[in-house]
Each structure stands twice: as structure tokens, then as C-alpha cells.
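Structure first, commentary second.
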Amino acid sequence: MPDADGSLYLCTPLDPLFPLLPILEKARNKGAGNEGVFCALDQILTEAGAQWQGAERLAQAAVRADFACLCDCKESGGDAYYRLNDKKALAWLVCKVQQARQSLSYQLSSMEAAAQTAYVVSFLSEYLPDQWVTKLAKQLGVEAELKGSQPLPASNGPESSQHQPEKKQKVDPKEAAREAARKKAEETRQQTKAKQAVGTKKISSFFAARPKN
């Protein structure tokens with residue numbers, strides 16, 4: 001959708017549970033030694049709406065069954081009460097990673113499995129709070145790949161600090177995927193060119209001087 005100043009806005013479908021995740025996390029009010037409290041959806045949205053006007057619109061897009069993917073649910077007097085469950089939320093996020101990875105299987109075909117997963121986690125990180133990106137990467141075992149470098153060994157003293165290996169430059173998984181795809185396309189082009197050249201002659205060979213008798 002073009003704006004008056006020439007800007008262009010592109011919209012894509014988004015699962016409303018992504019932006020609702022931090023709202024649900026704040027609403028449960030989890031503390032040390034307790035899992036937090038159950039809250040009615042109206043209460044959650046009222047508190048969230050004070051800071052963000054789009055909260056009610058998101059909830060309208062998500063049916064009650066969707067909240068069960070992230071929350072423990074209780075019913076009392078015909079009303080439903082919800083409390084975010086970390087294990088359910090992580091399981092839901094893992095499913096989202098698997099779905100996105102399957103959808104991008106062609107684009108990621110030149111990458112190793114761990115790099116593919118790290119790429120998808122990086123992609124979804126645009127919709128997640130940092131703490132949930134960290135939890136998801138740990139759950140999938142791609143923390144190092146997501147950071148772009150292996151963690152450095154611990155220092156044992158002043159002498160060891162002088163011999164620590166140089167830090168690797170941080171690599172954006174998205175850029176790495178693009179570069180890998182570019183290299184694969186170039187290799188394919190070169191292989192095709194080599195196959196086509198087999199059994200062919202240079203054009204100059206048709207104009208060579210005939211041998212004298």
C-alpha cells in the first residue's frame with residue numbers, strides 16, 4: 001500500500017499469537033517460586049490496551065483454542081482464565097520453526113541442518129522478544145550457529161588471555177544463506193557450461209589453413 005510520501009507498506013499474514021506472547025507473559029506476573037496467576041482474557045487485554053491500542057484487535061483474530069497452544073486454561077462460571085505456560089509456548093515455537101523450515105526448504109537446501117534451523121530462528125526473531133529467541137535457540141541446540149561463532153574457551157589467567165584465538169566475525173544467518181545460494185547457483189552454471197563444451201570445437205578451428213599436399 002503506497003503512502004502519500006512515496007513510502008510503500010507491505011503486509012504479510014501473521015499468527016496473532018506472536019505479538020500476544022509478551023502480553024500473556026506480562027499478565028501472568030510470574031515470580032520466584034510460583035508460576036504466576038490465571039487471568040481472564042478481558043483483563044489481559046484491558047491492561048495491554050492501556051499501552052498498546054492493537055491488543056484487542058489481535059485477540060479478535062485469535063480464537064479461544066489458539067490460546068490453549070500457549071497457556072494453561074481454566075473455566076469457572078462460563079468464563080475462561082489463562083496463564084502462559086513456558087513449555088507449551090516453546091513447543092508451539094518449535095512447531096513454527098519446523099513449518100517455516102519446510103516452507104523455505106528449497107532456499108535453504110545448500111545449508112547444513114543446524115544452519116537452516118538457525119536461519120529460521122533468526123527470521124522469527126523479528127516477531128519475538130529477545131528472551132524467547134534465546135530460549136528457542138537453546139531448545140533447538142543452535143545457540144552457537146545463531147550467534148555466528150563458537151564460544152571462546154574460558155581464560156585461566158593473564159597468560160592465557162594473551163593467546164586467546166581471535167574472535168570470529170559475527171555472521172548474519174540470512175546473509176550466509178544468500179551467499180550459499182549464490183555460490184550454488186554459480187557452481188551449477190559452471191557445471192552446465194562445462195557439459196555443453198564437451199565435444200564442441202572452437203569456431204577458429206573451422207577457419208584453419210588446410211594442410212598442403
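No lab work stands behind these numbers, since they all come straight from the coordinates. What you are looking at is a predicted structure, and each value in this text was computed from that prediction instead of being measured. Note that we place each Cβ from the backbone using ideal geometry, even for glycine, and neighbour counts take in every protein chain shown.
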Extension gain, LYS87 back to ASN29 (0.36 nm per residue minus Cα-Cα distance, nm): 19.2 nm
Estimated vicinal HN-Hα couplings, Hz - region 5-19 in sequence order (Karplus 6.51, -1.76, 1.60; Gly, Pro = x): 8, x, 5, 10, 9, 10, 10, 10, x, 9, 5, x, 5, 4, x
Most to least packed among 23-36, 131-144 [average Cβ atoms within 10 Å]: 131-144, 23-36
29 Å Cα-Cα threshold exceeded, pairs from LYS74/LYS135; LYS135/LYS183; LYS147/LYS183: LYS135/LYS183
